[in-house]
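Working notes for the structure below.
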Amino acid sequence: MSIARVLVSFIALCASASSSFAKTEPSHVILRGFDPAQASALRDATTFTCDSGTRTIAITSVNDDYCDCDDGTDEPGTSACAGAGEAATTKGMYCVNRGSTPTRVPSSRVNDGVCDCCDGSDEYDTAQNGGVVCENTCTKAAKARRAELVNALSTARRGVKAKAKASRYAKDDRRTMETELQDLQGQMDKAQSALEVLRAPKEQEEALEREMREKERLLEEKRAEETKSTEEEEKEKEANTDGDARDDDGARDGARENDAAEDAAEETAEERGKRIAGQWISDESESTRVDNEDDDYDDHEDEDNVVLDDPMPAEGTKTSKFSALFARAKRALQRARLAKKDADAGAASPAFPTTHRDAFDKQQRAVEALQTQIDQVRASVNRNYGPDDVLISLRQQCYEVKIEKYVYKACPFGEAHQDSVRLGTNTDGVEISPLTGDMMLKFTNGATCWNGPNRSLSLTLKCGDREALADVEEPSRCEYSATLFTPQACDESAVAALDAELSTLDRIIAGAGRDEL
Ligand code: MAN
C-alpha cells in the first residue's frame, strides 16, 4: 500500500470514527459527475462500493481527488482516476446538460481548462482559483442537435425505403449470379466434351508428324554419313597424289639444279639474266592458267548435274598441285550442292498437316477462357455481401469523391484508388466492426508506400439516402479511412433510435422551457 493510500485510509478511518461517515463535503461535490440514478442512490449513503462489489470505501473518499477504486468509479467529478478502467461505460464525468442531451466526458478532461459539457460542469474550479468560466451553451447545442436529428431521421427513413426496394432485387441478383455460374458450367461441360472429341485426331496427326520427322532425321544422317566418307576418300587420294608429286618434283629439281650448275659455268651474265627471267615468266603463266581453270569450275557450281572429271593432267612440274586444287574444288562443289539440296528440301518440305491440332488448340483456348469466367463468377457468388446479401447490389459499382488534391475512387467489391495510385483490393467482402457493429470493407495490399506499408483503406458503411463516398482521411501514413453512405446501411432500429432521441430531446427542451418560466 502506498504512503498516500495509508494516509487517506487513516483520514477516512478518523472521519468515520468521529462522525460515523459524517459527510465532510457538501453533497453536490460528492455527487458531481454521477448519472442521475447513481446520484439519487448516493444521496444519503455513508459508503460507496466499487470494483464489482469487492471494495467499499467511505462516502467521503468519493470525489476527494484520490482514486480508490481500480475501476475508477469513485472519482467521476475529478481527474484523479484518469486512465483507470477506461473501457467502463460508466467511467468519466456525466454531464447533466440541462436543456440538452446528457453526455459523458473522460476523467482526463475534467477540470483541464477546456469546457467539454455544454453546462460547463466539467470545469469546477472557480475563476478565483484560476479555473475557466464556461458559458452554458446547452440551449444552442440542443437546437443544433435537434436539427441534426431531424435531418438524420428523414435520411434514415428514406434509406430504409430504398433498402427495402433494393432487398427485393438482392435475391434476384444472387439467383442471376448462380444461374450464370450454372450456364457457364454447362458450357464448360460441352466445351470439354468437344475438346475430347478433337483429341484423338490431333494425336494421330502428331504421331504422323513425329514419324515423318524421324524419317527425315534418318535420311539426314545417311546423307551426312555419305558426305563424310566421300571426303575421307578424297583426302586419301589427295595425300597419295601429293606424295608422288613431291618425289617427282624432288628428282626434277635435282636434275634442273645440276643442269643449271653446268650451264652456269659457261653462260654470260646476260644469258644468266635471260634464263632467270624466262623461268619467272614460265611459272607465272602456269599458275595463272590453273587459277583460270579453277574459275571455270566455279561457273558451274550452281548446276546440279555438273560432273567434274579430272582434266588432262598438266605436263611437267605442275601436275600434282593441279590435282590437289582440283580435288579441293570438287569437294567444295559437292558441299555446296548438298547445302542447296537441304535448303530446297526445307523450303519445299510439305507442311505437316495441322488441321486437327489447330482445331484442338482453338477449343482448348475456349475452355481456358471459360474457366477464367467461371472462376470470376464463382468468386462473386462466394463473396460475403453482408447479412441477407444486403450489399449485393453494389457489387459492380464504384464511387468517387474529390478531397483536396486527390480523386478517391472505391469499388466496394473491387479496388480502391487515390487518383491512379492503388489503395488496395477488397478480397474478403463485408466485415462487421466489433466496436460499432457497422459494416466495413477492407481494401488491402495497395501500392507500396515509400519507406512505409502497402497502402490500405478501411471503408465504413453508414446510413444515407443514396450512395456517396465521403470523409476520406489518412489517419496514419498510407493507411486511409473513409465512409460510404448507403441506404443498405440503414435499418429500422437505427430509425427507431433516432426517433427516440429526438422525442427525448424535445421533452428536455420543453422541460427546460418550463424551468425557465
Ligand atoms: C502520396 C499520397 C499520400 C501518401 C504519400 C506517402 O503523396 O499517396 O497520401 O501519404 O504518397 O509517401
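Kindly establish whether GLU211 is more than 38 Å from the chain's Cα centre (by Cα), surrounded by 13 or more Cβ atoms within 10 Å (Cβ to Cβ) and free of Cβ contacts under 8 Å to residues at least 24 places away in the same chain. Considered against the rule, which asks whether it is more than 38 Å from the chain's Cα centre (by Cα), surrounded by 13 or more Cβ atoms within 10 Å (Cβ to Cβ) and free of Cβ contacts under 8 Å to residues at least 24 places away in the same chain, GLU211 comes out as no. The residues of the stretch 350-408 that are among the aliphatic types (A, V, I, L, M), touching a residue at least 40 places away in the same chain (Cβ under 8 Å) and not in a strand (DSSP E or B), listed by number, are ALA359, ALA366, VAL367, LEU370, ILE374, VAL377, VAL381, VAL390, LEU391, ILE392, LEU394. When ASP70 is tested against the conditions (1) buried (at least 18 other Cβ atoms within 10 Å of the Cβ); (2) of a type in the set (D, E, K, R); (3) at pLDDT 90 or above, the lone failure is (1).
Go through the stretch 417-445 and give me each residue that's within 11 Å of the ligand (Cβ to nearest atom) and open to solvent by less than 30 Å² (accessible area, probe 1.4 Å). Answer for the stretch 417-445, where residues must be within 11 Å of the ligand (Cβ to nearest atom) and open to solvent by less than 30 Å² (accessible area, probe 1.4 Å): GLN418, LEU423. Total residues in the stretch 446-467 satisfying the condition of being surrounded by 14 or more Cβ atoms within 10 Å (Cβ to Cβ) and in contact (Cβ under 8 Å) with a residue 60 or more places away in the chain: the figure is 5.
Taken over the stretch 220-233, the residue count meeting the criterion of being within 30 Å of THR354 (Cβ to Cβ) and open to solvent by 100 Å² or more (accessible area, probe 1.4 Å) is 1. In the stretch 446-503, of all residues being more than 24 Å from PRO434 (Cβ to Cβ), among the small types (Gly, Ala, Ser) and over 17 Å from the mean Cα position of the chain (by Cα), the one that is nearest to the ligand (Cβ to nearest atom) corresponds to ALA468. GLU135 meets each of the listed conditions (1) among the charged types (D, E, K, R); (2) out of contact with any strand residue (DSSP E or B) (no Cβ under 8 Å at 6 or more places or on another chain); (3) buried (at least 16 other Cβ atoms within 10 Å of the Cβ) apart from (3).
Here GLY513 passes the criteria (1) closer than 22 Å to LEU149 by Cβ; (2) touching a residue at least 24 places away in the same chain (Cβ under 8 Å) except the one numbered (2).
The values are calculated or read from the model by the stated rules, or taken from the named source; none is laboratory data. Keep in mind the model is a prediction, meaning the values are calculated, not measured. Neighbour counts are summed over all protein chains in view; Cβ atoms, including those assigned to glycine, are modelled from backbone coordinates with ideal geometry. With ligands, DNA and RNA removed, areas are computed over all heavy atoms of the protein, side chains included. Shrake-Rupley method; radii C 1.70, N 1.55, O 1.52, S 1.80 Å.
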